[in-house]
Amino acid sequence: MKRKLKNIMVTGGAGFIGSNFIQYLFNNGFDGILVNVDSLTYAGNPENLTEIEKQHGEKNYFFKKCDIQDYKNIKDIFQQYDIDAVIHFAAESHVDRSIYGPKEFIFTNIIGTFNLLEIARELWKERDDVLFHHISTDEVFGSLGEKGYFTEETRYSPNSPYSASKAASDHLVRAYYKTYGLPCTISNCSNNYGPFQFPEKMIPLMICNALEGKPMPVYGDGLNVRDWLYVEDHCEAISLIMHKGQDGQTYNIGGENEWKNIDLVNFLCEILSSLTEINIEEYKKLITFIKDRPGHDRRYAIDCKKIKKVLGWSPGHTFETGIEQTIKWYMNNQKWVENIKSGSYKEWIRKHYK
């Protein structure tokens, strides 16, 4: 099967993965209508899509500042643009923030997803030429031991308020497919990295702090393991699911690229040294071990055999090439980083999206 989707709503499209996905679609020939719905919380930045706005605005690309908890306005957008696909990125997504303030995660990730599903169910009715694709995380599966991988059949066992809220939203999507026949797909991905990632996340935090000569904080003993996926590879996988994925199916998307946190930070120091010609030891002395966070899962690793076999996807970037491109992007976009850290981008948002 191959879906012909022309009027796509991307929720959370001003965020890290969402903005990369929108760029990916237009860079790969998408010529339909794309409506980017984002509430522009701390991690949403429409500046990420300035070039898309210039090239496709008012014809193919439309931005709507709207919270997915706002049922009426979301429904109005559905109807105004005759939406036939939802690619649902919008979520509160930082584990540390969920530990200290879980309420927003419950409302956005669960209630917001419920609203989207209800609107799609009401307006799409019995249509089978539509799709609700839900972006989730490997964190819903909990923690792995030293061996083994998360598969699409792995039992859910979330350990943080963030992962619990994402697990709940996954179950809602699956239930709407099973109960109402709503055409849905789900993808669970490993840790993403790449351009436009908010600087509080691990890799951009380490890069930015190292470039500024600030401490590079590593939780606990640094031996927690994550599987890292370059964001463009993730976007390609989502596009394949959107066009060819089977209704009711879940697809794991992984980078097949496991790193212990401390080894990753040391590798970043190595690449930074080669790009800046600053002695590697100057970077390594910035590494600072800090108290481990509560409920810190020891290891995540994705088995992505299914999407490779069924849809023909595989990661296109090695970690070496992906991380070097990422570091260069942050080095060449210091103004973007400064705007984020200073909060000045919020003033830009207030002026443009009242």
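The residues listed here are Ala120, Ala90; of these, the one that is within 17 Å of Asp67 (Cα to Cα), buried (at least 17 other Cβ atoms within 10 Å of the Cβ) and over 21 Å from the mean Cα position of the chain (by Cα) is Ala120.
Taking Lys328, is it in contact (Cβ under 8 Å) with a residue 12 or more places away in the chain, among the basic types (Lys, Arg), on the phi < 0 side of the Ramachandran plot and in a helix (DSSP H, G or I)? The answer is yes for Lys328. Looking at the structure I just gave you, is Ala167 without any contact (Cβ under 8 Å) to a residue 60 or more places away in the chain and surrounded by 17 or more Cβ atoms within 10 Å (Cβ to Cβ)? Taking the combined requirement at face value, the residue satisfies it.
Of all residues in segment 75-82, none are crowded, with 22+ Cβ neighbours inside 10 Å, in contact (Cβ under 8 Å) with a residue 24 or more places away in the chain, over 24 Å from Asn339 (Cα atoms) and not aromatic (Phe, Trp, Tyr). The number of residues in segment 47-59 being surrounded by 15 or more Cβ atoms within 10 Å (Cβ to Cβ) and either in contact (Cβ under 8 Å) with a residue 60 or more places away in the chain or under 25 Å from Gln334 (Cβ atoms) (or both) comes to 5. When restricted to residues that are surrounded by fewer than 22 Cβ atoms within 10 Å (Cβ to Cβ) and assigned to a helix (DSSP H, G or I), segment 171-188 contains 8. Of all residues in segment 142-155, one or more are at positive phi, surrounded by fewer than 24 Cβ atoms within 10 Å (Cβ to Cβ) and under 20 Å from the mean Cα position of the chain (by Cα). Return the residues of segment 246-268 that are under 30 Å from Lys4 (Cβ atoms), over 21 Å from the mean Cα position of the chain (by Cα) and either charged (D, E, K, R) or crowded, with 18+ Cβ neighbours inside 10 Å (or both); say none if nothing qualifies. Within segment 246-268, just Asp247 meets the criteria.
Can you tell me how many residues within segment 83-117 are without any contact (Cβ under 8 Å) to a residue 40 or more places away in the chain and touching a Phe, Trp or Tyr at 6+ places or on another chain (Cβ under 9 Å)?
Qualifying residue count, segment 83-117: 0.
Working only within segment 187-225, note down all residues that are among the charged types (D, E, K, R) and either more than 25 Å from Tyr24 (Cβ to Cβ) or in contact with an Asp or Glu (Cβ under 6 Å, 6 or more places away or on another chain) (or both). Glu212, Lys214, Asp221, listed by residue number.
Quick one: would you say Val140 is in contact (Cβ under 8 Å) with a residue 24 or more places away in the chain and closer than 28 Å to Gln79 by Cβ? Judged against the criteria, Val140 is not a match. Residue-level analysis places Ile52 among those that are under 27 Å from Leu205 (Cβ atoms), in contact with a strand residue (DSSP E or B) (Cβ under 6 Å, 6 or more places away or on another chain) and at pLDDT 95 or above. Among the residues making up segment 1-10, a single one is of a type outside the set (Val, Ile, Thr), modelled with pLDDT of 95 or more and either assigned to a helix (DSSP H, G or I) or surrounded by 17 or more Cβ atoms within 10 Å (Cβ to Cβ) (or both): Met9.
Among the candidates Gly13, Gly18, Gly44, single out the residue that is crowded, with 18+ Cβ neighbours inside 10 Å, under 24 Å from Tyr330 (Cβ atoms) and modelled with pLDDT under 95.
From the options Gly13, Gly18, Gly44, the qualifying one is Gly44.
Only residues that are surrounded by fewer than 21 Cβ atoms within 10 Å (Cβ to Cβ) and either more than 27 Å from Leu264 (Cβ to Cβ) or at pLDDT below 95 (or both) were counted across segment 229-245, and they come to 5. Against the numbered list (1) surrounded by fewer than 18 Cβ atoms within 10 Å (Cβ to Cβ); (2) free of Cβ contacts under 8 Å to residues at least 60 places away in the same chain; (3) of a type in the set (A, V, I, L, M), Ile271 comes up short only at (1). Here is the figure for segment 58-108: residues that are modelled with pLDDT under 95, acidic (Asp, Glu) and more than 11 Å from Gly12 (Cα to Cα) total 3.
The values are calculated or read from the model by the stated rules, or taken from the named source; none is laboratory data. None of the values given here were measured: they were computed from a predicted structure. Note that we place each Cβ from the backbone using ideal geometry, even for glycine, and neighbour counts take in every protein chain shown.
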